Amino acid sequence: MKFNTKVIHGNQEHDPSTGAVMPPIYQTSTYAQSTPGAHKGYEYSRTGNPTRTALENAMASIENGNYGLGFASGLSAIDAIIKLLKPGDEVISTNDLYGGTFRLFTQVFRAYGIKFHFVGMDQEGEIEKKINPNTKLIWLETPTNPMLNIIDIKSCSEISKKHNLLLVVDNTFATPYLQRPLDLGADIVMHSATKYLGGHSDVVMGTLVVNDKELAEKLYFLQNASGAVCGPMDSFLVLRGIKTLHVRMQRHCENGRAVAEYLRNHEKIGRVYWPGFKDHPNHEIAASQMNDFGGMVSFSIKGDDQKDAIKVLENLKIFTLAESLGGVESLSGHPASMTHSSIPKEERQKTGVIDSLIRLSVGIEDKEDLLSDLEQALTLV
Ligand SMILES: *Cc1c(COP(=O)(O)O)cnc(C)c1O
């Protein structure tokens, strides 16, 4: 089955009791048993719920994996992964990481004795410098947020296999439409389904997909034992979102390209970050591991004055100034004071998150309207 068919039919079946084409929202906490232990596969909805199962199966299908898991948020999915580790274990991660992931690693799990190293993973050799006998896991995000750096998943998977480490890829920005990390050798693919998978800015959810049975069992254990599961309504919404992922992503990519090219030719703009540019430092890797370049574009304003960035953000009319990304509507953000405010300024600036940096999640509106919105806001600075 090809991807565009999988998003609609992959691992899906019509509801066995009624033939309903979409799985019902099984809004129940528990399930009747005829005699103790005799049930139809479901006992309690933290452990399993048929709407969640449908979503988990769809996720496994579109990521080309064997097992899918649904969580209450992207961060709770990350939380489950790090709970595979024990005190003394070490993690090597990208340095321009999603702010919430950085906060979870450094302000929660560090206190449990897990050590995190943050390195520029797009630089050759940086990962191996940090590997020692305690290293257990490599964590990467690609494209990164908000600098749109690209990390070579295949070469990371070679390193992780050589040293017997788990490789986790946060695939939130790319989605399986653009990039399938398990095919490139990752052990776990993680999503904030809040973003492109849900796609309509109406749900918070996280998912994991893995191939290995033993790893899946450990994660199912943690999903149930810690209990940060997604509810049936949320599962339904993300499942519905997935069914149009391919058409939405196609338009996100098309509009993203138009916005990146427009900004690059604008005299008020400092730099534009978008992996589709031929002179993007990791363009070749992006072109080899992704099908297209996505709808995320970041840029700075000439002179790097935070006041200019704020003025643009306040005056955009179609782009809504808001946290989050990946919905049908275009959003704008100021990483330094919003998504990345939990990262110390010094650390943030080292990775390029300067004060005039603006991040756009380019939506699927008419691209001419998006360009004229940017034009009118940029004339004010
Ligand atoms: C939003 C996001 C997360 C966190 O997911 P939530 O659903 O907000 O908990 C993790 N990684 C990336 C790249 C994200 O954009």
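I'd like the residue in segment 199-226 that is assigned to a loop (DSSP other than H, G, I, E, B) and more than 10 Å from the ligand (Cβ to nearest atom) and, out of all such residues, is surrounded by the fewest Cβ atoms within 10 Å (Cβ to Cβ). Lay out the reasoning, then the answer.
Our first condition is that a residue be assigned to a loop (DSSP other than H, G, I, E, B); within segment 199-226, this holds for 199-205, 211-212.
Still in the running and more than 10 Å from the ligand (Cβ to nearest atom): 199-202, 211-212.
Numbers: G199: 26, H200: 15, S201: 19, D202: 12, N211: 18, D212: 15.
Result: D202.
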- What number goes with the only condition from (1) over 25 Å from K6 (Cβ atoms); (2) within 16 Å of the ligand (Cβ to nearest atom); (3) open to solvent by less than 50 Å² (accessible area, probe 1.4 Å) that H117 does not pass? (2)
- Could you run through segment 128-142 and say how many residues are within 20 Å of F173 (Cβ to Cβ) and either not aliphatic (A, V, I, L, M) or not in a strand (DSSP E or B) (or both)? 3
- Query: So which residues in segment 304-346 are of a type in the set (S, T, N, Q), under 22 Å from N171 (Cβ atoms), open to solvent by 20 Å² or more (accessible area, probe 1.4 Å) and at pLDDT 95 or above?
  - Reply: none
- Query: Can you name the helices (runs of 4 or more DSSP H) wholly within segment 26-113 that have at least 2 residues being buried (at least 22 other Cβ atoms within 10 Å of the Cβ), over 20 Å from the mean Cα position of the chain (by Cα) and within 16 Å of the ligand (Cβ to nearest atom)?
  - Reply: none
- Message: Take V229 and tell me if it is under 16 Å from V362 (Cα atoms) and either surrounded by fewer than 15 Cβ atoms within 10 Å (Cβ to Cβ) or assigned by TED's automatic domain parsing to the domain that holds R180 (or both).
- Response: no
- If you scan segment 141-186, which residues turn out to be open to solvent by 20 Å² or more (accessible area, probe 1.4 Å), among the aliphatic types (A, V, I, L, M) and either touching a Leu at 6+ places or on another chain (Cβ under 7 Å) or closer than 21 Å to A80 by Cα (or both)? L166
- Query: Just wondering, is there one or more residues in segment 355-369 that are surrounded by 21 or more Cβ atoms within 10 Å (Cβ to Cβ), charged (D, E, K, R) and not in a helix (DSSP H, G or I)?
  - Reply: yes
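So that you can scan it fast, the table gives a plain yes or no per residue for (1) within 16 Å of the ligand (Cβ to nearest atom); (2) part of a loop (DSSP other than H, G, I, E, B):
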{"residue": "A260", "(1), (2)": "no, no"}
{"residue": "L263", "(1), (2)": "no, no"}
{"residue": "D279", "(1), (2)": "no, yes"}
{"residue": "V297", "(1), (2)": "yes, no"}
{"residue": "S300", "(1), (2)": "no, no"}
{"residue": "K311", "(1), (2)": "no, no"}
- Query: Mind checking whether some residue in segment 265-277 is open to solvent by 20 Å² or more (accessible area, probe 1.4 Å), within 16 Å of the ligand (Cβ to nearest atom), in contact with a Leu (Cβ under 8 Å, 6 or more places away or on another chain) and under 26 Å from G100 (Cβ atoms)?
  - Reply: yes
- Message: Scan segment 223-242 and tell me whether some residue there is over 15 Å from I62 (Cα atoms) and touching a His at 6+ places or on another chain (Cβ under 9 Å).
- Response: yes
- Which residues, counting only those in segment 180-198, are more than 13 Å from the ligand (Cβ to nearest atom), within 24 Å of G276 (Cα to Cα) and assigned to a loop (DSSP other than H, G, I, E, B)? R180, G185, A186
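The values are calculated or read from the model by the stated rules, or taken from the named source; none is laboratory data. Since this is a predicted model, take the numbers as computed values, not measurements. Because the Cβ atoms are built from the backbone with ideal geometry, glycine has one as well, and the counts that use them run over all protein chains shown. Side chains are part of the model used for accessible areas, which takes the heavy atoms of the whole protein and leaves out ligands, DNA and RNA. Shrake-Rupley method; radii C 1.70, N 1.55, O 1.52, S 1.80 Å.
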